[in-house]
Amino acid sequence: MTPRNPKAIELWQTAKAICFDVDSTVIQDEGIDVLAGFGGVGQQVADLTKSAMGGKVPFEFALSQRLSLIRPSRAMVSKCLKAHPPRLTAGVGELIRRLHGRGTHVYLVSGGFRQMIDPVAKLVGIPPERVFANVLLFNADGTYKGFDPTQPTAVSGGKAKALAQLKNRFGYRPLIMIGDGVTDLDARPPADCFIGFGGVATRDRVVAGADWFVTDFSELDQSLI
Ligand SMILES: [Mg+2]
């Protein structure tokens with residue numbers, strides 16, 4: 001699709017760093033919904049995820065609400081990953097390889113859990129220090145304890161916070177955010193450009209607010225010089 005913001009293509013081509021959302025962007029699922037389904041509380045949690053993504057409920061509240069329904073143990077998370085390994089979205093592996101080849105820094109910025117995001121990062125060759133995600137906490141016996149409230153992504157506006165940290169620390173300009181959700185859209189600013197991704201799910205606010213809305217990663221790949 002032609003970008004709504006005429007500068008979007010140039011910003012994309014000259015980006016120093018690109019931040020990808022994970023769920024319904026880099027992978028075809030919502031990790032928390034997969035975990036909930038595995039734990040037998042799929043429907044209740046899917047309803048809460050929907051309202052969280054529509055921006056109706058504060059993120060941290062929606063997250064703790066969903067987690068207290070799932071109560072994921074360390075063993076449950078690893079069994080779930082074995083039963084449902086992450087499914088990459090078509091073209092994303094190639095695109096990230098190409099970006100790495102150009103020297104662009106690529107980050108994953110997710111409201112999901114590091115325990116489930118790290119395997120995705122590994123698949124696409126992103127080092128763990130370039131992953132922002134929430135951290136599940138377990139008791140000594142491996143049962144569910146909670147999540148780390150100090151991660152930037154643990155609160156509403158968390159992705160914007162994570163990107164601001166990156167910009168301050170490394171001076172990335174332009175910095176691009178790509179994702180399917182309203183929380184991704186809300187990360188511009190500090191992102192200089194927001195690319196909406198509709199290859200898995202399409203959300204009206206994201207379509208309307210994106211500098212550039214794409215439904216296939218090959219559109220982005222082809223626009224790299
Ligand atoms: Mg997403």
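Every number here is computed from the coordinates shown, using simple stated rules; none is lab data. Since this is a predicted model, take the numbers as computed values, not measurements. No Cβ is skipped: glycine too gets one built from the backbone with ideal geometry, and neighbour counts run over all protein chains shown.
Backbone phi angles across segment 171-188, fed through the Karplus curve with coefficients 6.51, -1.76 and 1.60 (θ = phi - 60°), yield HN-Hα couplings of x, 4, 8, x, 10, 10, 10, 10, x, 9, x, 5, 5, 6, 4, 6, 8, 10 Hz in residue order; Gly and Pro are listed as x. For Ala133, the residues whose amide H sits under 5 Å from its own are Ser110, ignoring neighbours fewer than 5 places away on the same chain, with H placed 1.01 Å from N. Taking amide hydrogens as placed 1.01 Å from N in the peptide plane, the amide H of Phe213 sits under 5 Å from those of Arg4, Gly196, each at least 5 positions away in sequence or on another chain.
Counting DSSP beta bridges with both partners in the chain, what percentage is antiparallel, nearest 5?
15
The Cα trace of the chain gives Rg and Dmax of 16.7, 55 Å, the first to one decimal, the second as a whole number.
Each of Met116, Met177, Met76 was scored by other Cβ atoms within 10 Å of its Cβ. Arranged with the fewest first, they read Met76, Met116, Met177. When both segment 6-55 and segment 170-193 are represented by their alpha-carbon centers, they are found 14 Å apart. Among Leu123, Leu136, Leu63, the largest mean-square fluctuation in a Gaussian network model of the chain (Cα springs under 10 Å) belongs to Leu123.
Among the trypsin sites (Lys or Arg not before Pro) in segment 97-148, those located in a DSSP loop and surrounded by at most 14 other Cβ atoms within 10 Å of their own Cβ are Arg102. In order along segment 208-225, phi translates into HN-Hα couplings of 5, x, 6, 5, 8, 10, 10, 10, 8, 5, 5, 4, 6, 4, 5, 7, 6, 7 Hz, rounded to whole numbers, per the Karplus curve 6.51 cos²θ - 1.76 cosθ + 1.60 with θ = phi - 60° and x for Gly and Pro. Close lysine pairs were tallied over segment 10-139: pairs 8 or more places apart or on different chains with Cα atoms under 27 Å apart number 5. When Thr150, Thr89, Thr14 are arranged by Cβ crowding within 10 Å, least crowded first, meaning fewest neighbours, the order is Thr150, Thr14, Thr89. Computed about the Cα centre, the dipole magnitude for segment 1-100 is approximately 180 debye when only Lys and Arg (+1) and Asp and Glu (-1) carry charge, each at its Cβ. When the chain is treated as a GNM with alpha-carbon contacts under 10 Å, the residue of Gly37, Gly179, Gly198 showing the greatest mean-square fluctuation is Gly37. For the pair Gln222 and Lys7, label points projected 7 Å from Cα toward Cβ lie 2.6 nm apart.
In segment 145-191 the Cα-Cα distances spread across 5 Å bins starting at 0 as 5, 23, 28, 22, 14, 6, 2, 1 percent of all pairs. Across segment 32-138, Cα pairs under 8 Å and at least six residues apart give a relative contact order of 22 percent.
Just rank Ser51, Ser64, fewest to most, by other beta-carbon atoms within 10 angstrom. With the sparsest Cβ surroundings first, the list reads Ser51, Ser64.
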